[in-house]
Amino acid sequence: MAKQEDKFKSVISHAKEYGYVFQSSEIYDGLSAVYDYAQNGVELKKNIREYWWKAMVQMNENIVGLDSAIFMHPKVWKASGHVDAFSDPLIDNKDSKKRYRADVLIEDYVAKLDAKIEKEVKKATKRFGDAFDKVEFLATNGRVLGYKEKGAAILKRMGQSLEKEDLADVKALIEELEIACPLSGSKNWTDVKQFNLMFGTKLGASAESAMDLYLRPETAQGIFVNFLNVQKSGRMKIPFGIAQTGKAFRNEIVARQFIFRMREFEQMEMQYFIKPGTQKEWYEYWKETRMKWHMSLGMGEENYRFHDHDKLAHYADAAADIEFRFPFGFKELEGIHSRTDFDLKAHEEHSGKKLQYFDHEENKSYAPYVLETSIGLDRMFLAVFSNSLQEEELENGTTRTVLKLPSVLAPTKAAILPLVKKDGLPEIARKIMGDLKWDFNVAYDEKDAVGRRYRRADANGTPFCITVDHDTLNDDSVTIRHRDTMEQQRVKISELKDIISKEVSMKNWLLKM
Ligand code: GAP
């Protein structure tokens, strides 16, 4: 646990030190759960967004983009169910005065049971060596089955109680499991209450005429209310998708864990409009397709898993999360939701406007069903950043800090380094930079010894260093150093573009899907 916490602390401090993420309004002591992206962070975020957009929009001829406004008519949120049902169950500890999400306290308890299962597996692997059959062990070991059964029963009961709005039973469950406040150890809890997560604001110049608005808590509703506009103007045929990326706002009760849970964050969502009755196959299709997208980044299969929901949101008939192993354990990274025709029907009802698709093959109109994929851009940023940050022991006994970002996402693709600040080397380096910057984000660095500059580029996540030395004056060649292997190659300046291109091209990465 302490190791995990240390790793997480080093992620946060590295993000600050290398210009990735800063606390918002830091000089005023910050604003809780609000963050700013700095010079490198903004590039990494943009690259993740583009990687998603390429895969979701440009590679699918039946998926198009949208950029709807953050402000929407207040009736949107009544229709979507957010006014009545977008709340979290909160509980306060009377002694520590700390506020928690009741469901998260229970889920954390179950995560501890999962951790016990992992421990049993580790012990057995050690005991049985090569003869160990993990699948068999997980299916037959008494202790493991006990933990699994207990966890499943707890989650089922919690899901049912939340569904029935039986908040007294949620509190009873916390007490029965003897869950204590993680901060104080106290088990002195208040009742569980619902807390709406939407931020309210006003539209209008005078107090009397102002209209109550909400900052959107998800981007999806902008897609639903534009469904027919896009379908008609784009002559889209079912199945088709609408995708958008943009800010969303939630007044989170428990806003900690850095950019994992923020009050202002960015989503990348896609709504796929389908024929009613086909939702199961499209649900499986998008689960698999989204997992392949994650795998294409090469961050380790073992770091992802699906979590099928017992507790469904008010709009869904099936839902799963893609969970990622963050420094604080497996947590939701992306949601895949089968949303039925809930949203379109609700908007038809509240707006009085028809939101139906005319199916020429079937010769009838209907409200399509919707399959949604929804990923938090900031959460994806944290997944990529934390997984990439490594401390490596080198053969010579020293260590290096290296940010092994997938090179397609790295903010800077190459650092160009003249070996010395004289003899015409900076001029050649500047010329190389001038040529490469048309195709890649590159940086020039002439300060300090070249070894230090390599370390700086490693910690910054830059996949290549290009060193211009005295031989360059005669042979038009430079040394290119690869971040991950630290291997160095002598290459012609004219080859640089192709070498970098091959390594960072989105096409080469997405072809791994
Ligand atoms: N339209 C469906 C929807 O919004 P969600 O599961 O509430 O579903 C989707 O959110 C994704 O948005 C999550 O998987 C997560 O990656 C991201 N997300 C949600 N709340 C967040 C928060 N407070 N901070 C950062 N990311 C968040």
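Of everything in the range 314-345 that's aromatic (Phe, Trp, Tyr) and assigned to a strand (DSSP E or B), which residue is farthest from the ligand (Cβ to nearest atom)?
The qualifying residue farthest from the ligand (Cβ to nearest atom) is 330.
Please tell me if residue 202 is more than 16 Å from the ligand (Cβ to nearest atom), more than 19 Å from the chain's Cα centre (by Cα) and either crowded, with 21+ Cβ neighbours inside 10 Å or not in a helix (DSSP H, G or I) (or both).
yes
Out of (1) more than 16 Å from the ligand (Cβ to nearest atom); (2) in contact (Cβ under 8 Å) with a residue 12 or more places away in the chain; (3) assigned to a strand (DSSP E or B), the odd one out for residue 365 is which?
(2)
Are any of the residues in the range 171-182 at pLDDT 95 or above, hydrophobic (A, V, I, L, M, F, W, C) and either within 16 Å of the ligand (Cβ to nearest atom) or loosely packed, with under 12 Cβ neighbours inside 10 Å (or both)?
The answer is no; no qualifying residue exists.
I'm trying to understand the selection: among the residues of the range 238-249, which are part of a loop (DSSP other than H, G, I, E, B) and within 9 Å of the ligand (Cβ to nearest atom)?
none
Restricting to helices (runs of 4 or more DSSP H) lying wholly in the range 470-513: which have 1 or more residues that are in contact with a strand residue (DSSP E or B) (Cβ under 9 Å, 6 or more places away or on another chain) and over 20 Å from residue 294 (Cα atoms)?
472-475, 496-504
Which members of the range 22-46 meet the condition of being over 18 Å from residue 379 (Cα atoms), of a type outside the set (Phe, Trp, Tyr) and part of a helix (DSSP H, G or I)?
Within the range 22-46, 26, 27, 39 meet the criteria.
Before we move on, is residue 407 more than 16 Å from the ligand (Cβ to nearest atom) and assigned to a loop (DSSP other than H, G, I, E, B)?
yes
The conditions are (1) within 23 Å of residue 113 (Cα to Cα); (2) modelled with pLDDT of 95 or more; (3) out of contact with any Gly (no Cβ under 6 Å at 6 or more places or on another chain), and residue 291 fails exactly one of them. Which is it?
(1)
Among (1) more than 15 Å from the ligand (Cβ to nearest atom); (2) part of a strand (DSSP E or B); (3) under 26 Å from residue 115 (Cα atoms), which single condition is residue 401 missing?
Tallying (1) more than 15 Å from the ligand (Cβ to nearest atom); (2) part of a strand (DSSP E or B); (3) under 26 Å from residue 115 (Cα atoms), residue 401 fails exactly one: (3).
Out of all the residues in the range 245-288, which are among the aromatic types (Phe, Trp, Tyr) and either at negative phi or not assigned by TED's automatic domain parsing to the domain that holds residue 227 (or both)?
Across the range 245-288, the qualifying residues are 249, 260, 265, 272, 273, 282, 283, 285, 286.
Would you point out which residue out of 231, 267 is under 21 Å from the mean Cα position of the chain (by Cα) and either in contact (Cβ under 8 Å) with a residue 12 or more places away in the chain or buried (at least 18 other Cβ atoms within 10 Å of the Cβ) (or both)?
Among 231, 267, only 267 is under 21 Å from the mean Cα position of the chain (by Cα) and either in contact (Cβ under 8 Å) with a residue 12 or more places away in the chain or buried (at least 18 other Cβ atoms within 10 Å of the Cβ) (or both).
Kindly evaluate residue 388 against the criterion of being surrounded by 21 or more Cβ atoms within 10 Å (Cβ to Cβ), more than 9 Å from the ligand (Cβ to nearest atom) and of a type in the set (S, T, N, Q).
no
Got a sec? Which of 266, 252 is within 10 Å of the ligand (Cβ to nearest atom), modelled with pLDDT under 95 and under 24 Å from residue 381 (Cα atoms)?
Criteria check complete, one pass: 252.
Could you check, for the range 171-189, whether at least one of its residues is in contact (Cβ under 8 Å) with a residue 24 or more places away in the chain and assigned to a strand (DSSP E or B)?
Yes - at least one qualifying residue is present in the range 171-189.
On the given criteria, is residue 291 touching a strand residue (DSSP E or B) at 6+ places or on another chain (Cβ under 8 Å), more than 10 Å from the ligand (Cβ to nearest atom), assigned by TED's automatic domain parsing to the domain that holds residue 49 and without any contact (Cβ under 8 Å) to a residue 40 or more places away in the chain?
The answer is yes for residue 291.
Given the criterion touching a residue at least 24 places away in the same chain (Cβ under 8 Å) and more than 24 Å from residue 319 (Cβ to Cβ), identify the matching residue among 273, 258.
258 is the lone residue from the list that is touching a residue at least 24 places away in the same chain (Cβ under 8 Å) and more than 24 Å from residue 319 (Cβ to Cβ).
Please work out if residue 297 is within 13 Å of the ligand (Cβ to nearest atom), buried (at least 19 other Cβ atoms within 10 Å of the Cβ) and closer than 18 Å to residue 385 by Cα.
For residue 297, the condition - within 13 Å of the ligand (Cβ to nearest atom), buried (at least 19 other Cβ atoms within 10 Å of the Cβ) and closer than 18 Å to residue 385 by Cα - is not met.
Does any residue of the range 426-441 turn out to be touching a strand residue (DSSP E or B) at 6+ places or on another chain (Cβ under 7 Å) and assigned to a loop (DSSP other than H, G, I, E, B)?
yes
So which residues in the range 473-484 are within 18 Å of residue 444 (Cα to Cα) and either surrounded by fewer than 23 Cβ atoms within 10 Å (Cβ to Cβ) or under 32 Å from the mean Cα position of the chain (by Cα) (or both), if there are any at all?
477, 479, 480, 481, 482, 483
Scan the range 85-105 and tell me whether some residue there is without any contact (Cβ under 8 Å) to a residue 60 or more places away in the chain and touching a helix residue (DSSP H, G or I) at 6+ places or on another chain (Cβ under 8 Å).
no
Considering only the range 217-233, I want to know if a residue exists there that is over 27 Å from residue 373 (Cβ atoms), part of a loop (DSSP other than H, G, I, E, B) and either in the same structural domain as residue 124 (by TED's automatic domain parsing) or not charged (D, E, K, R) (or both).
There is no residue in the range 217-233 that is over 27 Å from residue 373 (Cβ atoms), part of a loop (DSSP other than H, G, I, E, B) and either in the same structural domain as residue 124 (by TED's automatic domain parsing) or not charged (D, E, K, R) (or both).
The values are calculated or read from the model by the stated rules, or taken from the named source; none is laboratory data. Just so you know, these numbers come straight off a predicted model, no measurement behind them. Positions of Cβ are backbone-derived with ideal geometry, glycine not excepted, and every protein chain shown enters the neighbour counts.
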